[in-house]
Each structure stands twice: as C-alpha cells, then as structure tokens.
Amino acid sequence: MKLMKTGLYGVVGWVALIAPAVGQAKPPPLVPFNVVVANGVPAIPAPLGGKTGDPKEGEKVVIERTLGNCLSCHEITALREEPFHGEVGPSLDGVARRWDTATLRMIVANPKKVFGDETVMPAFYRIDGLNRVREEFAGKPILTAQQVEDVVAYLATLK
C-alpha cells in the first residue's frame, strides 16, 4: 500500500467532518454524467441533474464550513470579509478565466481527474475509490448535484 503525503490525511479527516451527519436524510444517489476530454483535460459538459446553478447559493456553499468549506484551502478576494482563507490551494480569483464551466464542474466533482492522484483537494461528488471513509459517510457525496452546480455557477463569476 502506497502512503500518500501527510497532508492528505488531514484532508480526508476534514472530508469526514463535513459530510452529512448521522441521522440526516440520506442523500440522493449520484446522477449519471458524461465525461469528455478536450485538449487533454477531462470535463463534465452538462449540468449534473440537468439544472444550472445559482451563484448566490454557490457562494453560500463555498463559505459554509459544513458544506464546501472552500475557504479553508483557497483565497477569494471577493469574500475577504469571511475569516480564515487558506493557502493550501491556489487563489480562486480569476478561476473563470482559467477554466471553462465544464472543467470547473469536473474539478469540483472529482479533482483527481484534472490534477492527478497527488492533489489533496477532496472530491465533492464522488463516492467510490476513496480512502479512510468513516462508515456512516460511505456511499455519500459531500455535496449534492445541485450544490455542485451552484458552486460552479459561483466560480464562473470569479473572472
């Protein structure tokens, strides 16, 4: 068994903390989606569940520490009034200029497909092939399909 960098264990633990708590409603199963590769980069071209996201709701998910918790790793100048911006991941300022929405969707759903196995960014819409998942969180994505779409819609505003 190959051990990953120490920082990954912290992220896995963090993922377990933000997943739905025991006793909460069971999340719906993952909606099927197609992955395409354009210019060597995997992407999900269509909205998960068929409905585009709401950037205002996406901002809430990005900020909320029990959901996306994006600020624990990333800095976003537009949210500078929020405390505790991280420096583990890159700044998300200008992310919509660097990636199209289909690629942003793939990054949020399963960043390993875009950045490789060494990324410490958690997969927010994946339930298989994960390591060290507590039993009560097994089979549950961190975010719903609509929350992923809301985050993508918010990220698309960061130009």
Go through (1) more than 14 Å from Gly53 (Cβ to Cβ); (2) touching a residue at least 12 places away in the same chain (Cβ under 8 Å) one by one and return the number of the condition Ala138 breaks.
(2)
Can you say whether Leu130 is in a loop (DSSP other than H, G, I, E, B) and buried (at least 17 other Cβ atoms within 10 Å of the Cβ), as far as the supplied structure shows?
no
Members of region 135-153 found to be closer than 16 Å to Ile63 by Cβ, modelled with pLDDT of 95 or more and aliphatic (A, V, I, L, M), listed by number
Leu143, Val148, Val151, Val152, Ala153
Could you list, in sequence order, the residues of region 60-75 that are over 14 Å from Val108 (Cβ atoms) and at pLDDT 95 or above?
Lys60, Ile63, Glu64, Leu71, Ser72, Glu75
Number of positions in region 38-65 that are out of contact with any Gly (no Cβ under 8 Å at 6 or more places or on another chain), part of a loop (DSSP other than H, G, I, E, B), of a type outside the set (Gly, Ala, Ser) and open to solvent by 20 Å² or more (accessible area, probe 1.4 Å)
7
For Thr101, work out the one condition from (1) at pLDDT 95 or above; (2) under 14 Å from the mean Cα position of the chain (by Cα); (3) open to solvent by less than 50 Å² (accessible area, probe 1.4 Å) it doesn't fulfil.
(3)
Looking at (1) part of a loop (DSSP other than H, G, I, E, B); (2) open to solvent by less than 70 Å² (accessible area, probe 1.4 Å); (3) touching a helix residue (DSSP H, G or I) at 6+ places or on another chain (Cβ under 9 Å), which is the one condition that is false for Gly139?
(3)
Just to check your reading of the model, which residue among Pro90, Pro29 is assigned to a loop (DSSP other than H, G, I, E, B), at pLDDT 95 or above and over 13 Å from the mean Cα position of the chain (by Cα)?
Pro90
Top-ranked residue in region 66-97 [being of a type in the set (A, V, I, L, M, F, W, C) and over 18 Å from Pro55 (Cβ atoms); ranked as most open to solvent (accessible area, probe 1.4 Å)]
Phe84
All but one of (1) over 15 Å from the mean Cα position of the chain (by Cα); (2) modelled with pLDDT of 95 or more; (3) of a type in the set (A, V, I, L, M, F, W, C) hold for Phe84; state the number of the condition that does not hold.
(2)
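The values are calculated or read from the model by the stated rules, or taken from the named source; none is laboratory data. Here the structure is a predicted model, which means the values were calculated and not measured. Quick reminder, even Gly has a Cβ in these numbers, built from the backbone with ideal geometry, and neighbours come from all protein chains shown. Accessible surface areas use protein heavy atoms only, side chains included; no ligands, DNA or RNA. Shrake-Rupley method; radii C 1.70, N 1.55, O 1.52, S 1.80 Å.
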